[in-house]
Amino acid sequence: MITIKNEAQIEKMRKAGALLHSVLEQLRGAVRPGISTKELDEMAETLIRQAGAIPSFKGYAGFPYSICASVDDQVVHGFANNEPLREGQLLSIDCGCILDGWQSDSALSVLVGNGSKEAKKLIKVTEECFWIGANMARKGNRIGDIGAAVQKHAEDHGYGVIRDLTGHGIGREMHEDPAVPNYGRPGRGVRLEPGMTIAIEPMIAMGTWKIITEADGWTTRTQDRSLASHYEHTVLVTDGEPEILSFPGARIPEALR
């Protein structure tokens with residue numbers, strides 16, 4: 001069931017989003033060669049709990065960590081571990097928090113130290129996919145408009161759009177209706193209404209869109225072992241420009257409208 005949030009509920013989601021944005025930016029700043037994803041995971045949990053919030057992911061359906069730490073060809077849901085990160089690796093960090101009963105969900109991808117031009121371009125295009133998709137999250141548009149916009153931009157650059165995993169509605173629960181695919185046809189799917197809150201999260205691969213799941217039951221990789229990038233924010237549909245709840249004050253870049 002799709003839920004429409006009122007202004008009081010949206011304000012709580014803004015506060016959760018502001019906290020999550022702060023946490024992820026601190027994690028971004030901590031990424032360097034030699035640090036482990038386990039250290040980043042512990043840092044995230046500490047920051048979230050110190051703010052009086054709860055890490056959404058830890059314990060969710062049995063997931064054991066506060067962040068999903070996905071390296072290189074891992075797409076999402078990677079397990080944190082004690083292995084030091086190496087120069088040039090691509091790290092995707094996905095994190096969620098619950099503050100005063102309301103959820104926020106966001107993800108970013110970064111290079112560990114200096115990386116290749118190809119990896120930098122993949123991260124840049126993935127972020128552009130998000131903004132182009134978010135620009136379609138407007139009153140009267142449909143879910144398919146978001147996915148079609150993401151898919152076109154990614155495929156125009158020769159990249160694969162992961163199809164087996166999608167964005168989602170979000171509110172009191174981490175995963176609510178509707179599903180928000182990163183591919184689709186314009187004019188299809190659920191019609192967007194003000195007060196809907198959705199997580200838009202392009203997962204883009206340098207090669208194939210096909211994925212495999214590892215033996216842990218969580219970690220997903222690209223089938224061809226090509227690099228993958230992930231970028232996500234919690235978005236509010238309004239009467240006008242969408243509001244990025246997990247990136248306070250952010251506006252959709254003019255060039256990507």
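The values are calculated or read from the model by the stated rules, or taken from the named source; none is laboratory data. Computed from a predicted model, the values in this text were never measured in an experiment. Here Cβ is always computed from backbone atoms with ideal geometry, including for glycine, and neighbour counts include all displayed protein chains. Remember, those area values only see protein heavy atoms, side chains included, never the ligands or the DNA or RNA. Shrake-Rupley method; radii C 1.70, N 1.55, O 1.52, S 1.80 Å.
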Selection status of I132, surrounded by 19 or more Cβ atoms within 10 Å (Cβ to Cβ) and touching a His at 6+ places or on another chain (Cβ under 8 Å): yes
Cβ-Cβ under 6 Å pairs, at least 6 apart or on other chains, the range 24-42 side among the charged types (D, E, K, R), far side open to solvent by 10 Å² or more (accessible area, probe 1.4 Å): R28/V110; K38/N81; K38/N82; D41/Y65
Some residue of the range 141-152 being open to solvent by 10 Å² or more (accessible area, probe 1.4 Å), assigned to a loop (DSSP other than H, G, I, E, B) and closer than 24 Å to P55 by Cβ: no
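Residue by residue, here is whether (1) touching a strand residue (DSSP E or B) at 6+ places or on another chain (Cβ under 8 Å); (2) closer than 25 Å to K210 by Cα; (3) open to solvent by 60 Å² or more (accessible area, probe 1.4 Å); (4) not aromatic (F, W, Y) holds:
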site: S22; (1), (2), (3), (4): no, no, no, yes
site: G29; (1), (2), (3), (4): no, no, yes, yes
site: E39; (1), (2), (3), (4): no, no, yes, yes
site: P55; (1), (2), (3), (4): yes, no, no, yes
site: G59; (1), (2), (3), (4): no, no, no, yes
site: V71; (1), (2), (3), (4): yes, yes, no, yes
site: P84; (1), (2), (3), (4): yes, no, yes, yes
site: D94; (1), (2), (3), (4): yes, yes, no, yes
Only one of G78, G115 that is surrounded by fewer than 19 Cβ atoms within 10 Å (Cβ to Cβ) and in contact with an Asp or Glu (Cβ under 9 Å, 6 or more places away or on another chain): G115
Per-region count, the range 166-193, residues within 19 Å of Q103 (Cβ to Cβ) and open to solvent by 40 Å² or more (accessible area, probe 1.4 Å): 6
